[in-house]
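To start, the structure itself, in structure tokens.
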Amino acid sequence: MSTGLSDRLAHLTSRTCDYRGTMQTFSVIGACVYDGTGAEGQIRDVHVHNGTIVDSLPISGAALIDGRGLALSPGFIDVHTHDDISILTTPQMPFKTLQGVTTVIVGNCGSSIAPDGAKLMGPIGCSRLSEYFQRVSDNPPSTNVAALVGHGSIRAQVMGIASNREASDDELREMARLTEEAMQDGAIGISTGLAYEPGRYSPTEEIVHLARIVAEYGGIYTTHMRDEADHLVESVMESIFIGESANIRVQISHLKAIGERNFGSTTQAISAIRAAQSRGVDVMADQYPYTRGSTLLDQLASGGRLRALHPDGIHALESLLVSSAPQHSDWEGCTLRDIANSLQLSDKETVEHVLSECGRSLLVVIDQMSEQDVCDVMKEDFVMIGSDGVPAGSRPHPRLHHTFPRILGEYVRNQGVLTLPQAIHKMTGMASTRFGLKNRGFIASGMAADLVLFDPLTVIDTGTYVDPTSVPHGLHSVWVNGICVAQDGHSTGERPGQALVSQ
């Protein structure tokens, strides 16, 4: 640190000084800087001018931010979100900015807001992704956003949601046209949700056909596989086959093993991925750092999936916590066992009743994975971090608000599963490189000033399944494109986010 800067820092009396607003020229002084490459941190100064990281400030009198004793990293990139609609309806995105997320990737698990995403996602849809990106530009959010196009949304547009058959030649041509249109509009790739309607009705060949189109544009293929329980390894192999056949990068979403009888099968899944990589297949994965998941109850109740979670199958209602039930908000925070007791219904009758009342809108949180599997997956150098949070209901899975502080507090500091440089790399540089996000994910001259200043000794998730929407601890400041969007646990109200459109 220069003598002049040291002298000026001596006049800083508090870390809580308010530097909100449109300030884009400042220096963070004396922080331990983790640049996103996986390198060890270095004590140095980082300068920002007009939303970009620069070697030195071109003007005098710029604001100085005291980073001594804190860590400065690139803004976290949430590679697996369901924030498509929230970007438009809740543009301040506090559940992301307050945990250090500066960029979200939407359109996962086969569901995207375009084409005509209302078929799968609710009341808001766009005719095509260009319309979505324009709406983002017209009403900017606090985070940046990049988008995948959902195969399920494409199939629903052409064939409907419940069409359990192969596509005709004409239908396949129309799906191909919509896929190419989305890539031309700026999608970074295509996603599938092969455990959900309508994706689960799609043969592998249909996915390969569309993935080849995406590959021509340099896009990525992300997948919620057909089965993460009894047929996990077979589903991994299908994903690898699609990647090889279409010559496309493959991203396996939320890699895990569901159900006690499948605990430990992540070892075989990891081995299959490693073997594919050794022969040149570009396949990687992401995960969220919890042993509980969250999904649609109707997806669990179909095809015997409840039995994969618990030997008693449908009788394990105490393991299913309602997180979102728009028609019955009084159910939120209750287990299905609570509902069964209050309605005096049998287990089967309870599931049938809540599905008849809420249908696809009912989300549950499920205890379904082992901590050892979570740690084994996390250690792999091809695994990055995605929250998979769903911003719906009063009791969302805490991963929506807490994924990234949980990695830093629980799995770095408390358990030592990852080192701090490893964790930051997974959440920043690795993610930006994997998804082709230019000028993001690293602290270097010329990069966009998406930054997080945090205390590595205190950062931690605070959310529980009972109180999932609390604010994480230990994050001091978050900047997006050089503008502070969160400070000391509060949103600033600034909305400098951009649509990151693939070129």
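The values are calculated or read from the model by the stated rules, or taken from the named source; none is laboratory data. Everything numeric here is computed off the predicted structure, so don't read it as measured data. All Cβ positions, even for glycine, are placed from backbone atoms using ideal geometry, and neighbour counts span all protein chains on display.
Points to keep in mind about this one:
- Residues of the stretch 41-73 satisfying the condition of being assigned to a loop (DSSP other than H, G, I, E, B), farther than 21 Å from Lys438 by Cβ and not β-branched (Val, Ile, Thr): Gly41, Ser56, Leu57, Pro58, Ser60, Gly61, Ala62, Gly67, Arg68, Gly69, Leu70
- Test: residue in the stretch 99-110 that is crowded, with 18+ Cβ neighbours inside 10 Å and either without any contact (Cβ under 8 Å) to a residue 60 or more places away in the chain or out of contact with any strand residue (DSSP E or B) (no Cβ under 8 Å at 6 or more places or on another chain) (or both): yes
- Output for the stretch 464-490, where each listed residue is crowded, with 18+ Cβ neighbours inside 10 Å, part of a strand (DSSP E or B) and touching a strand residue (DSSP E or B) at 6+ places or on another chain (Cβ under 8 Å): Leu475, His476, Ser477, Val478, Trp479, Val480, Cys484, Val485, Ala486, Gln487
- Filter result (of a type in the set (A, V, I, L, M, F, W, C) and either under 18 Å from the mean Cα position of the chain (by Cα) or crowded, with 24+ Cβ neighbours inside 10 Å (or both)) within the stretch 111-151: Ile113, Ala114, Leu120, Met121, Leu129, Val145, Ala146, Ala147, Leu148, Val149
- Being surrounded by fewer than 20 Cβ atoms within 10 Å (Cβ to Cβ) and in contact (Cβ under 8 Å) with a residue 40 or more places away in the chain is a property that Val417 has.
- A single member of Ile154, Ile240 is aliphatic (A, V, I, L, M), farther than 23 Å from Ala275 by Cα and not in a loop (DSSP other than H, G, I, E, B), and it is Ile154.
- Residue match in the stretch 273-281 (condition: at pLDDT 95 or above, part of a loop (DSSP other than H, G, I, E, B) and surrounded by 14 or more Cβ atoms within 10 Å (Cβ to Cβ)): yes
Here's the yes/no breakdown for (1) outside the structural domain of Pro123 (by TED's automatic domain parsing); (2) touching a helix residue (DSSP H, G or I) at 6+ places or on another chain (Cβ under 9 Å); (3) part of a loop (DSSP other than H, G, I, E, B):
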residue: Arg337; (1), (2), (3): yes, yes, no
residue: Ser342; (1), (2), (3): yes, no, no
residue: Thr350; (1), (2), (3): yes, yes, no
residue: His353; (1), (2), (3): yes, yes, no
residue: Val374; (1), (2), (3): no, yes, no
residue: Gly389; (1), (2), (3): no, yes, yes
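- Only one of the numbered conditions (1) at pLDDT below 95; (2) part of a strand (DSSP E or B); (3) charged (D, E, K, R) is violated by Arg15, and that is (2).
- Just so you know, in the stretch 327-350 the residues that are touching a strand residue (DSSP E or B) at 6+ places or on another chain (Cβ under 9 Å) and of a type in the set (A, V, I, L, M) include one that is surrounded by the fewest Cβ atoms within 10 Å (Cβ to Cβ), and it is Ile339.
- Scanning the stretch 54-95 for residues being outside the structural domain of Phe404 (by TED's automatic domain parsing) and free of Cβ contacts under 8 Å to residues at least 40 places away in the same chain gives a total of 7.
- For the stretch 244-259, the criterion of a residue being touching a helix residue (DSSP H, G or I) at 6+ places or on another chain (Cβ under 8 Å), modelled with pLDDT under 95 and of a type in the set (S, T, N, Q) is satisfied by no position.
- Some residue of the stretch 98-121 being more than 11 Å from Thr143 (Cα to Cα), part of a helix (DSSP H, G or I) and among the β-branched types (Val, Ile, Thr): no
- The single residue among Gln368, Gln422 that is at pLDDT below 95 and of a type outside the set (A, V, I, L, M, F, W, C) turns out to be Gln368.
- Boolean, Ser142 is polar (S, T, N, Q), farther than 27 Å from Gly441 by Cβ and at pLDDT 95 or above: no
- Any chance Ile53 is modelled with pLDDT of 95 or more and in contact with a strand residue (DSSP E or B) (Cβ under 9 Å, 6 or more places away or on another chain): yes
- Of the residues contained in the stretch 339-356, none is found to be within 26 Å of Asn108 (Cβ to Cβ) and not aliphatic (A, V, I, L, M).
- Qualifying residues in the stretch 359-376 (those that are under 13 Å from Gly293 (Cα atoms) and not hydrophobic (A, V, I, L, M, F, W, C)) - the one surrounded by the fewest Cβ atoms within 10 Å (Cβ to Cβ): Glu371
- Residue, surrounded by the fewest Cβ atoms within 10 Å (Cβ to Cβ), within the stretch 177-205, restricted to residues that are closer than 23 Å to Leu255 by Cα and of a type in the set (D, E, K, R): Glu205
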